[in-house]
Amino acid sequence: MANTTSYPSGTVMVLAGTKRGLFLFTSRDRQTWTCEGPILKGHTIYYATLDQRSGRRLFVADNGVFFGSFLRYSDDFGDTWQEPERGIQFSEESGEKLKNIWMIEPGRREEPGTIYAGVDPANLWESHDSGVTWELNAALASHPTREHWNPGAGGLCLHTIIPDYSNPKRMWLGISAVGCVRTDDGGASWTFANKNTRADFQPDKYPEFGQCLHRMVQHPQQPDVLYQQNHCGVYRSMNGGDDWADMRGSLPSDFGFPIALDPHAPETVFTIVEDGEARQNVTEQFTIYRTRDGMETWETLTNGLPSGPGVRLGVLRHGMTTDSADPCGVYVGTNTGQIFASADCGDSWRLIADFLPSIYSVSAFVIE
């Protein structure tokens, strides 16, 4: 990969995928920010990520109402774009049709050419040449329970991909509304990992599958520890998803979408819970919630965040992220076009963007 656009090492970059294009925010000190965009003006960008394992390759999930869904990549931070030589498209024989691309996830450090993508209808696609060609994971596509999978409100979307950094054979996926699935044999087979997570909207509140998992992250030092934000609570697993514990505690709602953690202190987890019916902040105060003890207790973060009778903000499943600086930066993008940023692990917040299109995702990187 060759780069014609460069940013100094140490630059923090936040990618905001929106209803009308991609926006790049960059900063050297996380206090003053420069905005570039919209890139891919008018395109609906569900997700964007930067792969720095071998050069700097930017990937986006570009989903259009009229022209279809495309995975695109750029080696010059969006000045020019390429499409795969063999992209993400189902065969006519499969009877499936690509609706949206939800997630693009770089693989492990030791596999620099491997990229994963999650789509609706819930399937996993893999590339082993940095996104040039793609193959469908056959085992998930032909899972014996597949005919019984049902979509959530956003579709039957595979939105979370976690390649286990400690075990090249293990990976977790989050699917709405199927739940958590795991492979222990490199994708040759998949099992459900939903024990003790609720599905209050079903007659059986603890089914084997059918939960509406919204987002999931892995502890970067203890690989068996997972955290998830679910339609029906926040949960922690200490054994790789074999079972889960409800960790809602003092949170004012069991409904929310995003979850993120501090990579330097991974018992520090951030989430946002909402009024489950209105999909907005529970009270007149827009609040982000933090735990410093692995979800045992929760505290409210409001310093610099808006409040008042007109404050009705929603944050989607990919709308919150952290960077790898220390102390970690935390970034939240709303479906009404604001981005709030914290440079001190959530203690204080500032508005770094307003009047953007509806924000579908934020992802943050420190340029290497």
**Request:** Could you grab the pairs with beta carbons closer than 7 Å, sequence gap of 6+ or different chains, first residue in the stretch 170-198 and under 15 Å from Leu156 (Cβ atoms), second one part of a loop (DSSP other than H, G, I, E, B) and of a type in the set (Phe, Trp, Tyr)?
**Result:** Val178/Trp149; Val178/Phe209; Gly179/Phe209; Val181/Trp190
**Fill in**
When (1) loosely packed, with under 15 Cβ neighbours inside 10 Å; (2) touching a strand residue (DSSP E or B) at 6+ places or on another chain (Cβ under 8 Å) are applied to Leu261, the one that fails is (1)
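Specify the residue that is farthest from Thr18 (Cα to Cα); the eligible residues are those in the stretch 64-109 that are in contact with a strand residue (DSSP E or B) (Cβ under 7 Å, 6 or more places away or on another chain) and of a type in the set (Gly, Ala, Ser). If you could, list the steps in order and put the result at the bottom.
Going residue by residue through the stretch 64-109, those that are in contact with a strand residue (DSSP E or B) (Cβ under 7 Å, 6 or more places away or on another chain) are 69-75, 77-78, 80-88, 98-108.
From what is left, the residues that are of a type in the set (Gly, Ala, Ser) are 69, 74, 78, 87, 107.
Working: Ser69: 15, Ser74: 18, Gly78: 15, Gly87: 22, Gly107: 24 Å.
Looking at the filtered set, the residue picked out is Gly107.
Pick out the one residue from Leu301, Leu351, Leu316 that is more than 25 Å from His43 (Cα to Cα) and aliphatic (A, V, I, L, M).
On the way: Leu351 fails: more than 25 Å from His43 (Cα to Cα); Leu316 fails: more than 25 Å from His43 (Cα to Cα).
Among Leu301, Leu351, Leu316, only Leu301 is more than 25 Å from His43 (Cα to Cα) and aliphatic (A, V, I, L, M).
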**Options Leu301, Leu356, Leu316, Leu351; residue that is within 26 Å of Gly37 (Cα to Cα), over 19 Å from the mean Cα position of the chain (by Cα) and without any contact (Cβ under 8 Å) to a residue 60 or more places away in the chain** = Leu351
**Request:** Please note which strands (runs of 3 or more DSSP E) are completely contained in the stretch 166-271 and include at least 1 residues that are over 18 Å from the mean Cα position of the chain (by Cα).
**Result:** 179-183, 233-237
**Complete:** The residue that is surrounded by the fewest Cβ atoms within 10 Å (Cβ to Cβ), considering only those in the stretch 23-37 that are in contact with a strand residue (DSSP E or B) (Cβ under 7 Å, 6 or more places away or on another chain) and among the charged types (D, E, K, R), is Glu36
**Request:** Go through (1) small (Gly, Ala, Ser); (2) in contact with an Asp or Glu (Cβ under 9 Å, 6 or more places away or on another chain); (3) within 24 Å of Val12 (Cβ to Cβ); (4) surrounded by 13 or more Cβ atoms within 10 Å (Cβ to Cβ) one by one and return the number of the condition Gly113 breaks.
**Result:** (3)
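Values quoted throughout were computed directly from the atomic coordinates according to the rules given, and no laboratory measurement underlies them. Keep in mind the model is a prediction, meaning the values are calculated, not measured. Because the Cβ atoms are built from the backbone with ideal geometry, glycine has one as well, and the counts that use them run over all protein chains shown.
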